[in-house]
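I have placed the structure first, in the form of structure tokens, so that the comments after it can refer back to it.
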Amino acid sequence: MSVKSGPRARVSPSAPAPAGGYHSALVLQGGAALGAYEAGVLKALLEPPVRHFDIVTGCSIGAVMAAILVGARGDPREHLGDLWRRMAMPTNPFVPGLFANTFPAPGASDLYRINPMYYAAPPLATYMYEAAPLESALKEWVDFARLRRSRTELIVIAVDLNSGRLEEFSNRRKMSARHVMASASLPPVFPAVRIDSSEYWDGGLISNTPLRPALNAIELLNTTDAAARWEIIVVDLFAPTPQPPRDMTDVLQRAFELTFFGKFQHDLKLFEMYNAQIDLMRAVSKALPPRSPLRRHPAFVRMSHHRRVERLTVIRTSQPEAMGGPADFSAEAIARRMELGETDARQALGMTAAAAKDPARTSYPRSARPGSGKLSITTGSMTSAGVKAKIRPRK
């Protein structure tokens, strides 16, 4: 993965570790209208006592909300509410089915301005909506000077159209509304965003869950505080529904969901492998004689600087049918997702806190107890009986 703006400055973790002993990183996915679920999660995270994050990474709509979280002008909860009020669309009576709450009726919202070329000659247009209204609103919500000064590192990702490579933009180097818009410019909805000599599209085209940028940032911070203990919280917006598709609308939505769901499952496997390699490295280091020439091998030196992430919390719903589709921007669906996200976050984080206080009473299998080398994932979930959180080991 390349970074165009040069190396990040080394900054020690932005605050002392909380009582639980962990520094925190937050990872926000892209997901179009499903992003309202993330807004609900953030609302729970921002309740007193406010959880502090040393690192926040975001992609697409997750990048927009990450920027609000880190650099809001005032209370980020108010701006998140305003974002989703303005994103909501009434049902368009002139558009059928799947797109009835995706294409706004005239005057529906000031965030949506149709590209004139898309009206006049759709086959010749390269995008549907102008990006300027959303970029202008982003500047209303976010003080970018404050964001660049923040002790929290913000990283958003976008795809370079020329090279096809995934790029990271960090407030440790340079961060403007253009960088956030680059991460959120999903084709063909929005046009590519030009920054310097390159054009960018939504980072979710390659990696919808910016977990790797969070790990990279943690590694950089570990060079200044090798004793830091880390947790990562990921908000997962995609899960397959148990029912088979019933029509073409369902088929299209399911294909979209499975694409991103599969990518995240792959990310989780890589994360487990990452921790396993670090555990192996520690064992090898203990077994090697102090003067072994292997200790000077470049790969050994590089791996010796890695630190495992002790805790991963994935906040997701187990009722994906209650989430609706990513193209449904109706006010009702947005409100429902925000409520689900807030409830699931409270439950998942409550279970994580309980596990930290009394690991012996937490329902880990023996092989997944803390210190065993196995990764356990805390997930918030919805069930038909209500909301609960559970800890499930990754096998």
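All of the numbers you see were taken from the coordinates with simple rules; none came from a lab. None of the values given here were measured: they were computed from a predicted structure.
Here are some notes:
- Potential lengthening between residue 196 and residue 305 on full extension [0.36 nm per residue; Cα-Cα distance subtracted]: 35.8 nm
- You can think of it this way: the chain between residue 296 and residue 132 has 53.7 nm of extra reach, that is 0.36 nm per residue less the Cα-Cα gap.
- Overall form of the stretch 107-212 per C-alpha gyration tensor (a/c, 1.5; a/b vs b/c): oblate
- Proximal aspartates and glutamates relative to residue 263, as straight alpha-carbon distance under 14 Å, when same-chain residues fewer than 8 apart are discounted: 236
- Spherically averaged projected area of the convex hull of Cα atoms, the stretch 210-330: 10.2 nm².
- Exceeding the 29 Å Cα-Cα cut-off - candidates 139/269; 43/139; 43/174: 139/269
- The stretch 258-316 shape via C-alpha gyration tensor axes, a/c threshold 1.5: prolate
- Mean-position separation - Cα centroids, the stretch 265-311 and the stretch 200-251, in angstrom: 23 Å
- Global geometry of the stretch 195-264, whether rounded, prolate or oblate, following the gyration tensor of its Cα atoms and the 1.5 cut on a/c: oblate
- Taking θ as phi - 60° and the Karplus parameters 6.51, -1.76 and 1.60, the scalar couplings of the stretch 182-198 work out to 4, 5, 9, 8, 6, x, x, 5, 10, x, 4, 9, 8, 10, 6, 9, 10 Hz in sequence order, x denoting glycine and proline.
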